[in-house]
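Input: a single structure, listed below in structure tokens.
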């Protein structure tokens, strides 16, 4: 069965600095999708960035980028120029391309932004 | 599009009462998911539907929980009777049809915060 592990329950970063959130996953599939979701205090789950496993190029969305290491089954999220609005819980997630349509979520990392 | 709509946003009830949570998915989405989020257990998938048909309900904690999707635009999650340990935030999410070439991103509703006294 697929699993997603986020080993950092909480992290803090100074405003304007860069922070990296870690995520590892376990799967026997060769093709799949990976996601990072953000959940601010409002509780709304918001998709931050997504990656297709068959693409070697790392996804980037403005200040958010990923470091996708397929062989290592690692999918970290880098936030550059951290802003107060980035404070949230971040969830790493996995989904198969074929078959089971469930998304498997990690336990989350709570990110604090220090002014 | 208004996004996924959930009601109510907050529900406070007493132990033993029946609770019904409602969800309207994004129009055209084929999949609907119900999640429960607590501090202790994180985000748990309870059940999901494809084209109104329940596909996997292995996450439903016990017989007190039931979910229905009578049509493509409406789903309910019912707890009867409710217990204090059911207190949590319940999310509904929807996604378009899957397969290669589709990201299968799930779009979440704002959640219902349930408190059972």
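The values are calculated or read from the model by the stated rules, or taken from the named source; none is laboratory data. All values derive from a computational prediction rather than experimental measurement. Cβ: placed from backbone, ideal geometry, glycine included. Neighbour counts: every protein chain shown.
Quick notes on this structure:
- Residue within the stretch B:75-85 that is in contact with a helix residue (DSSP H, G or I) (Cβ under 6 Å, 6 or more places away or on another chain) and modelled with pLDDT of 95 or more present: yes
- Residue A:101 meets each of the listed conditions (1) part of a strand (DSSP E or B); (2) under 27 Å from residue B:39 (Cα atoms) apart from (1).
- Scope the stretch A:104-115; condition within 14 Å of another protein chain (Cβ to nearest Cβ), closer than 18 Å to residue A:10 by Cα and part of a strand (DSSP E or B); matching residues: A:105, A:109, A:110
- Residues that are surrounded by fewer than 19 Cβ atoms within 10 Å (Cβ to Cβ), part of a strand (DSSP E or B) and within 14 Å of chain B (Cβ to nearest Cβ), drawn from the stretch A:1-48: A:3, A:5, A:10, A:46, A:47
- Those strands (runs of 3 or more DSSP E) of the stretch B:20-106 in which at least 1 residues are facing chain A (nearest Cβ under 9 Å) and closer than 19 Å to residue A:45 by Cβ, considering only elements entirely within it, cover B:31-38, B:42-50, B:88-95.
- Hits in the stretch A:93-103 (condition: within 10 Å of chain B (Cβ to nearest Cβ) and either free of Cβ contacts under 8 Å to residues at least 24 places away in the same chain or within 11 Å of the chain's Cα centre (by Cα) (or both)): A:93, A:99, A:100, A:101, A:102
- Any hit, the stretch A:75-92, residues being within 11 Å of chain B (Cβ to nearest Cβ) and either at pLDDT below 95 or under 20 Å from residue B:95 (Cβ atoms) (or both): yes
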